[in-house]
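Before any comments, here is the structure.
The values are calculated or read from the model by the stated rules, or taken from the named source; none is laboratory data. Since the structure is predicted, the reported quantities are computational estimates derived from the model, not experimental observations. In this analysis, Cβ positions are derived from the backbone assuming ideal geometry, glycine residues included, and neighbour counts consider all displayed protein chains. Just the protein is used for accessible areas: all its heavy atoms, side chains included, with ligands, DNA and RNA removed. Shrake-Rupley method; radii C 1.70, N 1.55, O 1.52, S 1.80 Å.
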Amino acid sequence: SNKPRKKKKKRKTKKNSAGETVEDNDLEDIESLLERIEDPRLAPQSQGGITTDSRPLLYVEHRNLNPENELKRYFGARAVLGDQRPRQRQRQYVRSMWLTAPKNTWPRYSKTGITMQLLDTRSGVQHFTFEHHREYQQVQFKFLDAVESMDPNNIVLLLQMNPYHVDSLLQLSDVCRMQEDQEMARDLIERALYSLECAFHPVFSLTSGTCRLDYRRPENRAFFLALFKHLMFLEKRGCPRTALEFCKLILSLDPENDPLCVLLLIDFLSLRAREYTFLTRLFQEWESHRNLSQLPNFAFSVPLAYFFLSQQEERPELERSQARERAARLIQLALIMFPSVLMPLLDHCSVQPDARVASHPFFGLNAQISQSPALNQLTSLYVGRTHALWKDPAVMAWLEPHVHEVLRMVEAQDALVQEAEHKRKIRYQSAPRNIYRHIILSEMKEATAALPLEVTSQPVMGFDPLPPLDSIVSYTRPERTSHPSNESTLSLFFRSLLPNFNLQGDIRHDGDDEAGAAQDLNQGVNRLMAAMRDMLANIQFQEPPRDDNPEGDGDWD
């Protein structure tokens, strides 16, 4: 009688939206049905063998923005997190962020003076812009002075006072990367993203694909550049799926203009992440209005994606055969349109072509020499970036018969070959500015070497490479009070060795006297430079005294 009575557990009931009660068993049935609906094997298929997706093309998923989720899929949660989980409760940062996770080693965040404003809403698309308040503008002016000093220590001092100044973080990240401190460079980029995300407008959405930022406004450029540099670090870290999600995010911010030209990169990331269906869907939906087939990277990557789809045994045989047919047709069109890609691609893959291909002029050296510099930049960028994806012996075995088929069409003087040659002569006369900007940010040596002189001769800053010519400037930097004439002649000489030195640009032309003084000073510096160059050219180093005794040669180490 003293034993406690066991209470009977009551079945939990929940009310649905209609007010009716739903028992746990019914909920389990509903969950199982949802799981079946979300099963990718049961997803609807289109006629072309491509999985249909009702979501927007550039829809971004929050979970795919976290590289830890991707690393967990590869190595498991225990290998990635280790002993971090029990310590997370003591973390001082409680704000949940999507772009990056704040770290305990970072300085405590306080408002920096950056805000985001909603400009307008047109056709369901919201246009935003970042704004710099007065105190942030003053820090920005100090940063520009620090950059002109050519001393990274000045940027470090500025960051000690303003640890979340975005342009300083971007510029110092480049300095750390040049010094091969990749960990610090990546950490500075993440801190810049954290600072910008803290300034987001309440209705600004990363995932909807309907929020726009105008790259012509200098305040917005830091966000584009920080995202791009972050995805490059993610790709090198071995997180191509996360990098692809950031690439989609950048493209969604300005899909019409694509200021960083991430269309030259998104195909590579899709192949690396094995998101073949996304790449083929992008090509199908955008080809009609963006002519993606006229870019060498899409011309070659899309048939490669179809080939990989045709190799997936879990797909139905009809779908695989359709993918094989599309891959064959598109790779032949790519070889006809861009014959200069084949030989450098085989060379990077350490593959020796057969005698017929190697000796044929269509794929020979003439194909590379005759193409325009703009097309050479695009092909060099693609080969340098994606050649590792073509090294697979199965890929080479698939490519070989199509190369011979193209040679047969060339020898038969097929109309497609002549039409492609005509297109190459008319198009690709000059590359737009966003392609140059992409090549500079990518640092692909094959493409950088092909940049024109008007791009390589001007100074390129990591915080704003090749700013748009039609920039929308909201505030300007005040004129500096320092005067170059106060500097010593020797100091001016060493400054003149810098590529961006312009004495006339630094001097304020307030009157004829100052203009004349500037001209005299410029002439004096030019004479000094010529004399110094002659002196350096005529320096002869005297040979060390040598003793006639051969045994004495051993004294010189």
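Data overview
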item: Scan of the stretch 344-356 for residues that are open to solvent by 10 Å² or more (accessible area, probe 1.4 Å) and either β-branched (Val, Ile, Thr) or under 26 Å from the mean Cα position of the chain (by Cα) (or both), ordered by number; result: Pro344, Leu346, Asp347, His348, Cys349, Val351
item: Residues that are assigned to a helix (DSSP H, G or I), of a type outside the set (D, E, K, R) and free of Cβ contacts under 8 Å to residues at least 12 places away in the same chain, drawn from the stretch 451-479; result: Leu453, Thr456
item: First in the stretch 111-134 and of a type in the set (Asp, Glu), second anywhere and surrounded by fewer than 14 Cβ atoms within 10 Å (Cβ to Cβ) and assigned to a strand (DSSP E or B), Cβ under 6 Å, 6 or more apart; result: Glu131/Gln117
item: Residue check, Glu148 among the charged types (D, E, K, R), out of contact with any strand residue (DSSP E or B) (no Cβ under 9 Å at 6 or more places or on another chain) and open to solvent by less than 60 Å² (accessible area, probe 1.4 Å); result: no
item: Qualifying positions in the stretch 77-97 - outside any loop (DSSP other than H, G, I, E, B), at pLDDT 60 or above and among the charged types (D, E, K, R); result: Arg78
item: Filter result (closer than 19 Å to Leu265 by Cα and modelled with pLDDT of 95 or more) within the stretch 197-221; result: Tyr215, Arg221
item: Total residues in the stretch 287-314, condition part of a helix (DSSP H, G or I) and in contact (Cβ under 8 Å) with a residue 60 or more places away in the chain; result: 8
item: Conditions (1) polar (S, T, N, Q); (2) at pLDDT 90 or above; (3) open to solvent by 100 Å² or more (accessible area, probe 1.4 Å); (4) not assigned by the TED database to the domain that holds Leu213: number failed by Thr100; result: (3)
item: Within the stretch 331-450, helices (runs of 4 or more DSSP H) holding 3 or more residues that are touching a helix residue (DSSP H, G or I) at 6+ places or on another chain (Cβ under 7 Å); result: 342-348, 373-386, 393-411, 415-426, 433-442, 445-448
item: Hits in the stretch 242-257 - residues which are within 10 Å of the chain's Cα centre (by Cα) and acidic (Asp, Glu); result: none
item: Residue check for Leu260: open to solvent by less than 10 Å² (accessible area, probe 1.4 Å), within 12 Å of the chain's Cα centre (by Cα) and not acidic (Asp, Glu); result: yes
item: Val341 without any contact (Cβ under 8 Å) to a residue 60 or more places away in the chain and open to solvent by 40 Å² or more (accessible area, probe 1.4 Å); result: no
item: Matching residues, the stretch 320-338, being open to solvent by less than 50 Å² (accessible area, probe 1.4 Å), of a type in the set (A, V, I, L, M) and out of contact with any Leu (no Cβ under 6 Å at 6 or more places or on another chain); result: Ala327, Ala328, Leu330, Ile331, Ala334, Leu335, Met337
item: Boolean, Ala367 is in contact with a Ser or Thr (Cβ under 7 Å, 6 or more places away or on another chain) and outside the structural domain of Leu330 (by the TED database); result: no
